[in-house]
Amino acid sequence: MTSDTREGQNAARYDAQRIEAKWFERWEQDSSLYSAESHSTRRKYYVLEMLPYPSGALHMGHVRNYAIGDALARYMWMNDYNVLHPMGWDSFGLPAENAAIQNNTPPREWTLRNIAAMKAQMKRLGFAYDWSREVTTCLPDYYRWNQWFFIKLFEKGLAYRKKSRVNWCPKCATVLANEQVVDGCCWRHEDTLVEQRELEQWFLRITNYSEELLRDLDRLPGWPEKVRTMQRNWIGRSEGTLVDFKLDGATDPANSTITVFTTRVDTIFGATSVQLAPQHPLVARLTKHNDLLRGEVDQLIAEQRKAREVGDIDEIEKHGVNTGRYGINPYNGEKVPIWVANYILMDYGTGAIMSVPAHDERDYEFARKYKLEIRLVILPVGDPEETAVEPKLPFTTMQGMLVNSGRFNGMDCETAIKAMSEHAEKNGFGKATVTYRLKDWGISRQRYWGTPIPMLYCEKDGIVAVPEKDLPVILPENVDITLTGGSPLGRVSEFVNATCPKCGGPARRETDTMDTFVDSSWYFYRYTDARNDHAPFESEKASYWFGDRGIDQYIGGVEHAILHLIYSRFWTKFMRDMGLIKNDEPAERLFTQGMIIKGGAKMSKSLGNVVSPDDMVEHYGADSTRMYTLFATSPDRELDWQDEGVEGIERFLSRVYRLVSKRAASLAMQGTSRDVWEPRLMMDGAVGIERDLQRKLFQTVKRVTDDFKGRWHFNTSISAIMGLVNDLYLALEQEIYEKDIRGADKLAAKITQESGPPPAQVEAEFLRGLLAYLVLLMAPFAPYLARELWEMLGEQGSLLRAPWPKYDPTLVKEEVVQRPVQVNGRLRSVITVPADAPEEFLTKAALDDVKVKATIAHMEASIAGKAKVKAVINAKNLTNVVVQIVSTGSDAKKGS
Ligand SMILES: [Zn+2]
Ligand SMILES: [Zn+2]
């Protein structure tokens, strides 16, 4: 007796650490637990969270990201899918080098140690990853395929080398891609201005895919609209017209064309100057014998560079100089002055524009400043009275009609653009064209900890690719890393000095390494065949998991909307063109989770508001920590961390534990299996408390299932489960729970024998089904606790293979509902009616209601007249009875 009681008491206390330690051990021993099947009759499902950079410790943002993916993976497993849910490490990159300098630890050692630590954290949190497919991008078995792909790109002319002006972060001591410059600063060093330098660099010709990258965004309805918009803007397609202005009085007519790019050729008769970027080739010629002009142009260049460095080139104070020369507008033969201006950029369009002050904001501002002519050539259309009135300048909309434009007068803007582009093409001085903002991807980095670019430089043969059989080009160890003096690999003579595979003579090895975004551009394909040592992956395996639509669900931060998600789309299209895969896009659906903040601010060491996942797990357990990240708000929104919230979840888990553990032993003793209790649970014709609980259960199953299939509002899923648990407590324990001020459920009252009826009697088989379903619903959110309770209930095998709960849609509906009844807009009664009652029934029920009748009688008695029901309006959740008072006599006659 005493030992039994003690055991009973122990069982009633939720001890997360004990439960989680127990299952952690068991899961560790079962290496195939989360393995994807390579051959399966089940449908496939590939769910992926973005792989982390191994900084050394997970932060809460990671936990949230992985908790979302893990809940989905578990749900899909329970729905009998063959699930691929892998994890890996984006493990090249600068912090490893900085750590090496600071702590005198080689980057490889530092990185692998961090990976081990973070992997242990992930396992402790119970994330269901297939570790047999782990990918570590800094190891040669992975990066050799970066090199292989690079050679393929080179062979196809998609990797090339050119000298160009590049973004240089002095803190990183390396080049940055355009995408890595944020407001003029380094993406890693928000306080460090990016400088411009001239360097020989390797580029990938991503612009070959500009049109397709843009067009296919329309075929990704499963991606957040904000991500698609960001990508559209980044690709920046603009349709326009190229028009050649001849330099007036040119001695060398062949090389004296100024090609301008304009999106509004319809306004060209209003062009009153041509504006060149200071770096435009013609400028050098025009200033050759004019030192004064040269000096002024140099000043403009300096201003432009400065503005670029602080990142507000669009905000630059506009300056220009008149060259004293003229260009000839080919549409009307008019001579217009040629200016050089600091706000014209050489890398946008052609580096030359026509200036139309009347119809362009910037041109207007410039013309006012320098007193240039402003000529109206578009009038607003609409009311003929109004069109006579000159518009306020600049008039920039397309809702207009051409004037002062020769043969094009009277055309609307859109028609004119087409006609005038055709006119230019026919007469050989221009054509319609499309330009993109997207530039080729500069991938050379002057850093050590990255994939060596597999290229050689031979005096005789020039640039030569390393033969495939010689891959990988191994990144040497024991390299002296400093952040000055160029690529660290350049100081390793054994690395630099190589043999030319073509002529056998000496060759110099490329010493730059690849941008680490190369690593993450294709890593998810490697997961499908991670141990392949003769190819990046087998096409057949990738095709099985990617199908023709890509990863079923990809989950990560919105900060990757441009960089990673454009590069990996490009890489996918390139691999498709190589014939390696069939899909056009890497992922069919993308979900971007919200950030985690605390006290209204981003978590950061300097603010001291960082919440460590380890602390939370130690304090509340992995289940509470994970479940809180899903419960606090919907996953797409910003989450403001509250330790009290985690505590609330822990209390909820304790209640679930108490509810089930108290009954589990006796229920398990019955020894029946799911094929007995499940039909009992689904039974049509339950009555009384069983029917109430069945309805609540089915409503909960429906809610959670709908949330998984729909918008992933796991906060409402978990709330629904809490509601179910409350109903079970009321029925079985006679305890009433209510939400406290923080939204957590707290015991509000206990019904005693004096105050109420005895607890409901629920038949054992039915109860067992109820509790088993509750555990199944908990499994995606709190896997440790769910597994413990599943075992307690005497169920066998992994919860991952236990079928997801069902519900009978006809038994979900409430049978009766409470319906307020108003008389002339004032609430007078509440009636109980069947949930699906037809309108006539509602009308009759309202009019038959005692309180409604009494109200009407009272109205009649209080005046000398007759109360007549004029109408009964049945709104969605409310009935309103409209009563009219008529005086007796004349109206009685009318009424009859
Ligand atoms: Zn930097
Ligand atoms: Zn050679």
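Where a number appears in this text, it was derived from the coordinates with a stated rule and is not lab data. Model, not experiment: these values are computed from the prediction. Cβ coordinates were reconstructed from backbone atoms using ideal geometry, including for glycine residues, and neighbour counts include every protein chain displayed.
Things worth noting here:
- Over 27 Å between alpha carbons, listed pairs 162/306; 171/598; 702/844; 22/709; 44/702; 702/750: 171/598; 702/844; 22/709; 702/750
- The angle between the Cα long axis of helix 688-709 and the longest principal axis of the Cα atoms of the chain comes to about 10 degrees, rounded to the nearest 10.
- Distance (nanometres) between label positions extended 7 Å along Cα→Cβ at residue 216 and residue 315: 3.7 nm
- A simple packing score, the average count of other Cβ atoms within 10 Å per residue, orders the peptides 722-735, 461-474 as 722-735, 461-474, with the highest score first.
- Partners of residue 156 within straight-line reach, counting aspartates and glutamates whose Cα lies under 16 Å from its Cα and excluding those fewer than 8 residues away in the same chain: 440, 468, 577.
- Across segment 751-896, C-alpha contacts under 8 Å between residues 6 or more apart give a mean separation that, scaled by the residue count, equals a relative contact order of 16 percent.
- Cα centroids of segment 49-79 and segment 240-315: 52 Å apart.
- Taking each residue as 0.36 nm, the span from residue 508 to residue 322 lengthens on full extension beyond its C-alpha to C-alpha distance by 62.1 nm.
- Whole-Hz couplings from phi, Karplus 6.51/-1.76/1.60, listed for segment 805-816; x for Gly and Pro: x, 9, 8, 9, x, 6, 9, 7, 4, 5, 7, 10
- Of all aspartates and glutamates in the structure, those lying under 17 Å Cα to Cα from residue 851, and not within fewer than 8 positions of it along the same chain, are 860.
- Since only 292, 859, 809 are under comparison, the one whose Cα sits farthest along the positive direction of the charge dipole of the chain, derived from C-beta charges on Lys, Arg, Asp and Glu, is 859.
- Residue-span extension gain [residue 347 to residue 813] - 0.36 nm each, minus C-alpha spacing: 161.4 nm
- Under-5 Å amide H pairs with residue 192, H placed in peptide plane, nonlocal only: 186
- For residue 739 and residue 668, a Förster radius of 30 Å and the Cβ-Cβ distance give a FRET efficiency of 0.35, rounded to the nearest 0.05.
- Size of charge dipole - segment 544-648 - debye, nearest 20, with Cβ of Lys, Arg +1 and Asp, Glu -1, no other charges: 540 debye
- In the chain, helices alone account for a calculated mean residue ellipticity at 222 nm of -12000 deg cm²/dmol, with every DSSP H run of four or more residues adding -39,500 (n - 2.57).
- Burial order of peptide ranges 61-70, 359-368 (average beta-carbon count within 10 Å, highest first): 61-70, 359-368
- Percent antiparallel among DSSP beta bridges (both partners in the chain, rounded to 5): 80 percent
- Efficiency of FRET from Cβ geometry, residue 28 and residue 437, R₀ 51 Å, rounded to 0.05: 0.50
- Centre-to-centre separation between the Cα atoms of segment 324-384 and those of segment 120-188: 43 Å.
- Computed from label points 7 Å out along Cα-Cβ, the spacing between residue 549 and residue 422 is 4.2 nm.
- Note on residue 857 and residue 760: the extension gain reaches 30.7 nm, defined as 0.36 nm multiplied by sequence separation minus the Cα-Cα distance.
- Each of residue 687 and residue 164 was given a label point 7 Å from its Cα along the Cα-to-Cβ line. The distance between the two points is 8.0 nm.
- Segment 674-718 residues near the modelled residue 751 label - backbone nitrogen below 15 Å, point 7 Å along Cα→Cβ: 688-693
- Calculated FRET value between residue 259 and residue 101, using beta carbons and R₀ = 60 Å, to 0.05: 0.80
- Using the Stokes-Einstein relation with a Kirkwood hydrodynamic radius computed over Cα pairs, the translational diffusion coefficient of the chain at 20 °C and a viscosity of 1.002 mPa s comes to 64 µm²/s.
- Of the trypsin sites (Lys or Arg not before Pro) found in segment 519-592, those that fall in a DSSP loop while having at most 11 other beta-carbon atoms within 10 Å are 531.
- If only the Cβ of Lys and Arg carry +1 and only the Cβ of Asp and Glu carry -1, the dipole of segment 60-129 around its Cα centre is close to 220 debye.
- Its relative contact order, with pairs defined as Cα atoms under 8 Å and 6+ residues apart, puts the chain at 13 percent.
- In order along segment 352-363, phi translates into HN-Hα couplings of 9, 10, 9, 9, 10, x, 5, 10, 8, 4, 5, 5 Hz, rounded to whole numbers, per the Karplus curve 6.51 cos²θ - 1.76 cosθ + 1.60 with θ = phi - 60° and x for Gly and Pro.
- Mean separation of Cα contacts under 8 Å (6+ apart) over length of segment 437-564, as relative contact order %: 27 percent
- Pairs from 123/746; 226/602; 152/582; 605/739; 152/439 whose Cα-Cα separation, in the structure shown, is over 24 Å: 123/746; 605/739
- Long-range amide H partners of residue 828 with built H, under 5 Å: 821, 822, 823
- Coupling constants for segment 68-84 follow from the phi torsions by the Karplus curve (6.51 cos²θ - 1.76 cosθ + 1.60, θ = phi - 60°), and in residue order they are 5, x, 5, 4, 5, 4, 5, 4, 5, 4, 5, 8, 6, 8, 8, 9, 9 Hz; glycine and proline get x.
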